[in-house]
1. Just checking, which of M59, M122, M47 is in contact (Cβ under 8 Å) with a residue 40 or more places away in the chain, closer than 26 Å to M134 by Cβ, open to solvent by less than 60 Å² (accessible area, probe 1.4 Å) and not aromatic (F, W, Y)?
2. Quick check, is G70 modelled with pLDDT of 80 or more, surrounded by fewer than 20 Cβ atoms within 10 Å (Cβ to Cβ) and at positive phi?
3. Would you check which residues across region 70-99 are aromatic (F, W, Y) and in contact (Cβ under 8 Å) with a residue 40 or more places away in the chain and list them?
4. Does I111 satisfy being farther than 19 Å from A21 by Cα and under 13 Å from the mean Cα position of the chain (by Cα)?
5. Let me confirm something: among S53, S26, which residue is over 23 Å from L124 (Cα atoms) and buried (at least 18 other Cβ atoms within 10 Å of the Cβ)?
6. Can you find, within region 33-43, the residue that is farthest from F95 (Cα to Cα) among those that are free of Cβ contacts under 8 Å to residues at least 40 places away in the same chain and open to solvent by 20 Å² or more (accessible area, probe 1.4 Å)?
7. Which one of these does G102 not meet: (1) in contact with a helix residue (DSSP H, G or I) (Cβ under 9 Å, 6 or more places away or on another chain); (2) open to solvent by less than 60 Å² (accessible area, probe 1.4 Å); (3) modelled with pLDDT of 85 or more?
Amino acid sequence: LMGASFLSLSMGFTGLPRALAGWIASMDLSPIVLIAALTVFYIILGMFLDGISSVVLTMAIVEPMIRQAGIDVIWFGVFVVVVVEMAQVTPPIGFNLFVLQGMTKHEISYIARTAIPMVGLMLLMVVMVKVMVMVMAMMMMVMAMMMMVMMEGQICEHVAQILDMTIPKPRFCSEARI
């Protein structure tokens, strides 16, 4: 734990995580490619740093980047938690692997091999959450458009009553609705 703490402190002083996050920001990536790049970035960073340090050292640069890309901030918070936890069980230096080794007394190579399916499941979870958020956003857009179409008739009637039919009707109102 002291070694991990020292490594986190030294990484913070060197500014390496901030420089890497700034490099990713300078690439002007699409939202999907940005998420893929951040996934790789946090996994690599998590191999050498603990989770809190990874997030604290990079969030000042990453957060404006994801807002500019139009990525939902709540979804991104879930994404960061899952990816950072995934990085904690990623060989060669995933900190949770050493915790498991101390608890089970197995060799680190055995623990690393058995952790690989969990990493795959976490990657699948990140993809599924992204797909679900995209589907929900599309459903909300469709519902909003349906509401606008349904409300159009009511709005036209209301406009006609207010104008008392003395001013030409708005173009979006059809004769049949008024």
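The values are calculated or read from the model by the stated rules, or taken from the named source; none is laboratory data. This structure is a prediction, so every number in the text was calculated from the model and none was measured. All Cβ positions, glycine included, derive from the backbone under ideal geometry; neighbour counts span all protein chains shown. For accessibility, only protein heavy atoms count, side chains too; no ligands or nucleic acids. Shrake-Rupley method; radii C 1.70, N 1.55, O 1.52, S 1.80 Å.
1. M122
2. Working: modelled with pLDDT of 80 or more: yes; surrounded by fewer than 20 Cβ atoms within 10 Å (Cβ to Cβ): yes; at positive phi: yes.
Yes; evaluated as a whole, the condition is true for this residue.
3. Of the residues in region 70-99, the ones aromatic (F, W, Y) are 75-76, 79, 95, 98.
Of everything in region 70-99, those that are aromatic (F, W, Y) and in contact (Cβ under 8 Å) with a residue 40 or more places away in the chain turn out to be W75, F79, F95.
4. no
5. S53
6. Start the filter on region 33-43 by keeping residues that are free of Cβ contacts under 8 Å to residues at least 40 places away in the same chain, which leaves 33-34, 36-37, 40-41.
From the residues that got through so far, the ones that are open to solvent by 20 Å² or more (accessible area, probe 1.4 Å) too are 33, 36-37, 40.
On the way: V33: 27, A36: 23, A37: 22, V40: 17 Å.
Restricting to residues being free of Cβ contacts under 8 Å to residues at least 40 places away in the same chain and open to solvent by 20 Å² or more (accessible area, probe 1.4 Å), the top hit is V33.
7. The number of the failed condition is (1).
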